[in-house]
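Colleague: This is the structure I have questions about; it appears just below.
Here, each number is a calculation from the coordinates, and none is a lab measurement. Just so it is clear, the model here is predicted, and its values are computed rather than measured. All Cβ positions, glycine included, derive from the backbone under ideal geometry; neighbour counts span all protein chains shown.
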Amino acid sequence: MADGFSVKFIAHIRSDFQTKFGIPRQSGLVKELESRVVFVPEYRNPDALRGLEGFSHLWLLWQFSGAVRESWSPTVRPPRLGGNARVGVFASRSPFRPNPIGLSCVRLLGIEEGGEEGPVLRVAGADLMDGTPILDIKPYVPYVDAHPEAVGGFGPAAPEEKLTVECPPELLAVLPEGSRAALLGVLAQDPRPAYQDDPGRVYGFGFAGAEVKFSVDGRR
């Protein structure tokens with residue numbers, strides 16, 4: 001039996017995130033985030049998407065392109081556990097895996113048929129850095145993919161307490177109008193590492209062509 005097989009990148013995502021820092025830790029946490037899935041020329045075939053418009057959500061399988069390593073560790077430190085406790089890599093969604101493959105559920109907003117890059121998928125809720133390679137796309141099928149009775153281990157639910165975000169309107173206006181609510185949602189999720197709580201520290205990340213800098217004092 002062969003040890004592996006080769007895969008092809010079928011598309012790349014276009015998102016507002018220029019770096020890994022700031023990206024929500026799971027897909028769907030910031031529903032205002034909009035991205036575009038642009039297929040590589042070989043797969044820009046409308047027939048490959050025939051019937052996809054009937055689904056509201058999609059699974060994206062993608063490569064952790066910013067975390068490719070030659071080696072791997074059997075244990076990792078999830079942010080949900082404060083960045084200190086270790087769990088098995090296969091009990092986590094850490095990017096540092098034997099095969100750096102991610103899985104995200106996104107909402108399909110529409111399919112852009114025209115243009116030189118078409119067809120293009122417009123999606124919401126993606127947790128991917130701009131340029132991330134997409135390995136595959138599959139429709140989300142509610143009757144088999146949704147399990148309300150499922151147990152979430154050490155991450156049973158999304159964090160209930162979010163940050164209160166204060167941003168002067170004139171600063172927010174620097175961003176494209178369609179990215180403003182998304183940025184506020186990203187900051188409310190608290191992008192900081194779980195083990196850092198320094199009110200004097202200024203954090204920063206690129207978003208929608210701008211450099212965003214912020215600090216956190218308490219829950220504000």
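Colleague: When a/c is below 1.5 the answer is rounded, else prolate if a/b is larger than b/c, else oblate, so apply that to the range 1-62 with a ≥ b ≥ c taken from the square roots of the Cα gyration tensor eigenvalues.
Modeller: Cα axes put the range 1-62 in the oblate bin.
Colleague: May I ask you to list the aspartates and glutamates whose Cα is less than 12 Å away from that of LYS8, ignoring any residue fewer than eight positions away on the same chain?
Modeller: Output for LYS8: GLU42, ASP136.
Colleague: Could you work out how far apart the two model spin labels at TYR43 and SER71 are, taking each label as a point 7 Å from the Cα in the direction of the beta carbon, and quote it in nm?
Modeller: For the pair TYR43/SER71, the computed spacing is 3.3 nm.
Colleague: Measure out, as a whole number of angstrom, how far apart the alpha-carbon centroids of the range 57-99 and the range 140-164 sit.
Modeller: 18 Å
Colleague: Right, next: Quick check on the chain: helices-only [θ] at 222 nm, where DSSP H runs of length 4 and up contribute -39,500 (n - 2.57) each and the sum goes over total residues. Nearest 500, please. All intermediate terms of the calculation are to be shown ahead of the outcome.
Modeller: Working: 3 runs with 20 residues, N = 220.
Only helices count here, giving -2000 deg cm²/dmol.
Colleague: Ordered by packing density, taken as the mean number of other Cβ atoms within 10 Å over each peptide's residues, highest first, how do 90-100, 47-57, 3-13, 146-156 rank?
Modeller: Working: 90-100: 15.4, 47-57: 11.4, 3-13: 12.9, 146-156: 8.5.
Packing proxy ranking, top to bottom: 90-100, 3-13, 47-57, 146-156.
Colleague: Of all the C-alpha pairs in the chain, what % are more than 29 Å from each other?
Modeller: Working: 7660 of 24090 pairs.
Beyond 29 Å sits 32 percent of the P(r) for the chain.
Colleague: When only alpha-carbon atoms are used, what values of Rg and Dmax, in angstrom, describe the range 82-135?
Modeller: When restricted to Cα atoms, the range 82-135 yields Rg and Dmax of 15.7, 49 Å.
Colleague: Determine which aspartates and glutamates satisfy two conditions relative to LYS138: a Cα distance under 16 Å, and not lying fewer than 8 residues away in the same chain.
Modeller: Once the sequence-local aspartates and glutamates are set aside, what remains near LYS138 is ASP47, GLU53.
Colleague: Need one word for the range 146-220: rounded, prolate or oblate. Basis is the Cα gyration tensor (sqrt eigenvalues a ≥ b ≥ c); a/c below 1.5 gives rounded, then a/b vs b/c decides.
Modeller: oblate
Colleague: Give a residue-ordered list of calculated ³J(HN,Hα) values for the range 78-85 (Karplus: 6.51 cos²θ - 1.76 cosθ + 1.60, θ = phi - 60°; whole Hz; x for Gly, Pro).
Modeller: Going residue by residue, I get x, x, 5, 9, x, x, 10, 6 Hz, with x marking Gly and Pro.
Colleague: Follow-up. Using 0.36 nm times the number of residues separating ASP198 and PHE21, minus their current alpha carbon distance, what extension gain do you get?
Modeller: Extra length available between ASP198 and PHE21 comes to 62.0 nm.
Colleague: Here is a further query. Among all the lysines, which ones have a C-alpha under 16 Å from LYS31's C-alpha, if same-chain residues fewer than 8 places away are not counted?
Modeller: List returned: LYS162.
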